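This is the structure I have questions about; it appears just below.
Each reported figure results from applying straightforward, stated rules to the coordinates on display, with no laboratory input. Note that the structure is a prediction, hence the values are computed from the model and not measured. A quick note on method: Cβ atoms are made from the backbone with ideal geometry, for glycine too, and the neighbour counts reach across all protein chains shown.
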Amino acid sequence: MKTDKISTENIYGSELYFQKDQGPKNESEYTLIPVKTDYIKPNESYDIIIKCSADLLTNGDFLVISETPISVSQGRLVDESKFKASFLSFLLADVWSKYIWGYLLGPIFRIKSRTIQNLRKLPPEARVHKRVILEHYGLKHALKPASEAGVDLSNVPGTMVSLLPENPNDVAKDIAKKIMHDLKIDVTVMIIDTDASYQLIGKKFTSLPIAVPGIKSDLGIFGYLLGRFGKILGPTPLGVSRPEKLDTMLKIAKLAEEYHENNEKDIKTVYDMENIFEGDITGITIEMLNSVEHTPAIIVRRLF
């Protein structure tokens, strides 16, 4: 079987090559270029992404942006220290997620061993986190054992969590419009979430509350369970600046995710934050977050 060769370049000119299986007659080369910025602070304009990508973009590029920096920029943060666990959130965290999924359903459904281990060591703070999910997204999302509703605990200070971005389609269009106006470069902007989309019996879906047209969204635990029997398509596009074929969007999103998975400096989970900052994550400050490298966006370029 022939493979696509995907070239991952950084702004200093070095390259990392890795292979992606493709069909026998679909041999193409992609270049992935990371856009590095300082930490985007709460309510700070996301225009910094445009500024830092200005010298890297060319016509026809995809600018793929992670959802968390957009959410933080929008101030979509919730301080979990202001919430108290309820009886239902206690059951969801300690009984449902930690024990039923960590020891019974997780192995049965063959979820990742890393996820199972994380569920088995859920801290008491998970009870409050479930309460936040219940308040903002409802029971069907709180029933998901982990990564509920795409709410992110990483790359945020202290006891904050970030909700999904508001109107990601509008944000993508705004960024693309600014790039065209300021740089005279025509690009497609896409905002993605690492939570997966799936395909089953020809239907594409996700457990997330929102997704681009063509992906059935807001399924919560039902989407997660159905996904155990379906094909994982990769991360979920939440918004796009112009109409694109869904298969193209999913492919571009997956390439961007693969870059992040191969970048050891990325803070992908709350456990990465614990390792990097060597301590209680509730004490992490914006200054600490600003001290490490951030890659909020990846430019995906197809070479013809």
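With each label point set 7 Å from Cα along the Cα-Cβ vector, what nm distance links GLU135 and ASP38?
3.1
Hey, another quick one. So if we plug the beta-carbon distance of TYR99 and ASP79 into 1/(1 + (r/R0)^6) with R0 = 25 Å, what FRET efficiency do we get, rounded to 0.05? Spell out each step's value before the answer.
On the way: r = 28 Å, r/R0 = 1.12.
After rounding, the FRET efficiency stands at 0.35.
Moving to a separate point now. If packing is taken as the average count of other Cβ atoms within 10 Å, what order do 142-151, 176-185, 190-199 fall into, highest mean first?
190-199, 142-151, 176-185
Let me ask something else. Enumerate by residue number the trypsin sites (Lys or Arg not before Pro) in the stretch 93-175 meeting two conditions: DSSP loop (anything except H, G, I, E, B), and at most 13 other Cβ atoms within 10 Å of the site's Cβ.
Of the trypsin sites (Lys or Arg not before Pro), the ones in loops of the stretch 93-175 whose Cβ has at most 13 other Cβ atoms within 10 Å are ARG110, LYS112, LYS121.
Please compare each pair in LYS51/LYS130; LYS84/LYS178; LYS36/LYS173; LYS84/LYS144 to a cut-off of 30 Å on the Cα-Cα distance and tell me which ones are over it.
Numbers: LYS51/LYS130 37 Å; LYS84/LYS178 42 Å; LYS36/LYS173 21 Å; LYS84/LYS144 20 Å.
Exceeds cut-off: LYS51/LYS130; LYS84/LYS178.
Any chance you could check the Cα centroid distance between the stretch 244-264 and the stretch 161-221 for me, in angstrom?
Between the Cα centres of the stretch 244-264 and the stretch 161-221 lies a distance of 12 Å.
Taking a virtual spin label 7 Å from the Cα of ILE201 along the C-beta vector, which residues in the stretch 216-253 bring their backbone nitrogen under 19 Å of it?
Taking a point 7 Å out along Cα→Cβ of ILE201, the residues of the stretch 216-253 whose backbone N falls under 19 Å are 216-233.
Once amide H atoms are placed 1.01 Å from N in the peptide plane, what residues at a sequence separation of 5 or more from GLY234, or on another chain, have their amide H within under 5 Å of its amide H?
SER197
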